[in-house]
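Each value in this text was obtained by applying a stated rule to the coordinates, not by laboratory testing. Since we're looking at a predicted model, the values are computed, not measured. Cβ placement follows ideal geometry from the backbone for every residue including glycine, while neighbour counts extend to all protein chains displayed.
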Amino acid sequence: MIIDILIVDDIDANLYYLEILLKQLDIDDNEFESLNIIKASSGEEALKIAMHDKPELILLDIQMPGMDGFEVAQFLKSTQNTKDIPIVFLTASFKSTEFVNRGYSIGALDYLTKPIEKIQFLSKIKLYIKIIIGQKKQENLIKELNKHIKMLETISITDGLTDILNRRYFNEISPKILDSAKREDKFISFAMLDIDYFKRYNDTYGHHMGDDVLIRVAKVLKDSVHRADDYCFRLGGEEFGLLFNTNSKENAIVFVEKIRKNIENLHIEHKKNSCSDFLTASFGLIVEKANKIKDIDTLYRDTDNLLYKAKDSGRNRVVNNFKRGKICG
Ligand code: GH3
Ligand code: MG
Ligand code: MG
C-alpha cells in the first residue's frame, strides 16, 4: 500500500528537512510498501495537488505568501472530494491558543509547532499513518465485500444454464410488479412458453444439444425485452416466462407472436416435432388490468391453463385471454 503525504511549505529548506525526517519513519510491519512524499511550495500549489492526487495526509505550513495554510485547509475541508483528508498544521509563528483553536476548528488532525521536536513529531506521524492504513484497509475490505455480495445476489437470481433470471427471482419480483401496476392502474402482461416436444428433442439429439436449445431460446427472449421493467425468466425445465409492459392488448399479442416466430426462425432442426420442421414453442398469454388480477398465483395458474390450451389445440401458437389473438401453427 502506498501512502501519499503532501508536505507544504514556502521555504525549500523546510520541505527538504521534512522529507528527510519522514523518510526515517520506520513503519516496517509490512503494512505498506512506501511513503510517497509530494512537495508543494505554496498554498495554491498545495490545493491543486490535493484536489488532483487526494493524498492520505497533508502536513501544512501556515504562514505562506498568497494563500496561507488556514485558507488552504478551509477550502479543502469545505470541498466534498477533499474534506476527509487529514491535515496536520506546522507553524513557527502562529503558536497562540487563538490560532491553535482556529486550526482545530477548521478540522485539523493536529497542530504542531516548529522547530520540530523530532521524536515527538515522528511518533505522532507514525501513529497517524498507522490509523490511515487501518482505515484504508477497512475501506478496501468493505469494497471487496460489497463486490462479493453483489456477485452472490446476481448468482442467486440467475439461471445457471441460460443466464436469464430464474424462478426464485420471478417469485420475488412478480408480486411487487403486480402491486405497482395496481397502484398505477396499468396493464399486466404475462406470457408463459413451453418448448414443444422437447422430450423427443432430447431423445433424438441428446441432452447436451437440448441444453444448447434452452440457451438459444433464452437468448431470443433476452434479445426481445429491452425496457428496464420488462423481464424474462426461466421458470423451470423448458418453460419460460415473460412479464412485460404494454399499453394495449393488441401490442402484447404482436410482441409475443414475434417471439414465437423468432424461436421457429432459429431453424433448429426437430424431426420429431409434428407441428413444424423446426423447434417451436407454445404460449399462454394474459393481458389484463392489474386491478382485475387477484394475485400472482392466480395469474400463473390462468396463464398456465392457456398454455395448456395452446398445446392441446396443436402447439406452436399463442393462446390468450382475449378474442383478437391470432391462432398460428
Ligand atoms: P410438450 O410439447 O407437451 O411440452 O412436450 P414435451 O416433451 O416438451 O414435455 P415434457 O414435459 O414431456 O418433457 C419436457 C422435457 O424437458 C423433459 C426433460 O428432460 C426436458 N428438460 C427439462 N429441463 C431440461 C434441461 O435443463 N436440459 C435439457 N436438455 N432438457 C430438459
Ligand atoms: Mg414442453
Ligand atoms: Mg414443460
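At a glance:
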{"item": "Point-charge dipole on Cβ atoms (K/R +1, D/E -1) for the range 67-155, about Cα centre, debye to 20", "result": "300"}
{"item": "Peptides 304-315, 172-183 ordered by average Cβ neighbours within 10 Å, highest first", "result": "304-315, 172-183"}
{"item": "Under-5 Å amide H pairs with THR91, H placed in peptide plane, nonlocal only", "result": "LEU112, THR113, LYS114"}
{"item": "Protection proxy ranking of 194-207, 108-121 - average other beta-carbon atoms within 10 Å, highest first", "result": "194-207, 108-121"}
{"item": "Spin-label pair ARG216/SER93, simplified geometry with 7 Å Cα→Cβ offset, distance in nm", "result": "8.2"}
{"item": "Whole-Hz ³J(HN,Hα) from phi, Karplus 6.51 cos²θ - 1.76 cosθ + 1.60, for the range 102-112, glycine and proline x", "result": "4, x, 5, 6, 5, x, 5, 6, 7, 9, 10"}
{"item": "Kirkwood hydrodynamic radius of the chain, Cα pairs, Å", "result": "25.3"}
{"item": "Dipole of the chain, positive end: most advanced residue of GLY160, HIS267, SER313 [Cβ charges, Cα centre]", "result": "SER313"}
{"item": "Cα lying deepest toward the dipole's positive end in the chain, options LEU18, ILE131, ILE253, charges on Cβ", "result": "ILE253"}
{"item": "Computed magnitude of the charge dipole of the chain (debye, nearest 20; Cβ of K, R +1, Cβ of D, E -1)", "result": "1960"}
{"item": "Antiparallel DSSP beta bridges within the chain, percent to nearest 5", "result": "50"}
{"item": "18 Å Cα-Cα threshold exceeded, pairs from LYS54/LYS150; LYS176/LYS311; LYS48/LYS77; LYS23/LYS130; LYS83/LYS126", "result": "LYS54/LYS150; LYS176/LYS311; LYS83/LYS126"}
{"item": "Computed FRET value (nearest 0.05) for ASP53 with GLU139, which takes r as the C-beta separation and R₀ as 25 Å", "result": "0.90"}
{"item": "Net charge of neighbours whose Cβ lies under 12 Å from the Cβ of ILE157, counting Lys and Arg as +1 and Asp and Glu as -1", "result": "0"}
{"item": "Segments 279-286, 64-71, 5-12 sorted - mean Cβ within 10 Å per residue, highest first", "result": "279-286, 5-12, 64-71"}
{"item": "Rounded to the nearest 20 debye, dipole of the range 33-183 from Cβ charges on Lys, Arg, Asp, Glu", "result": "380"}
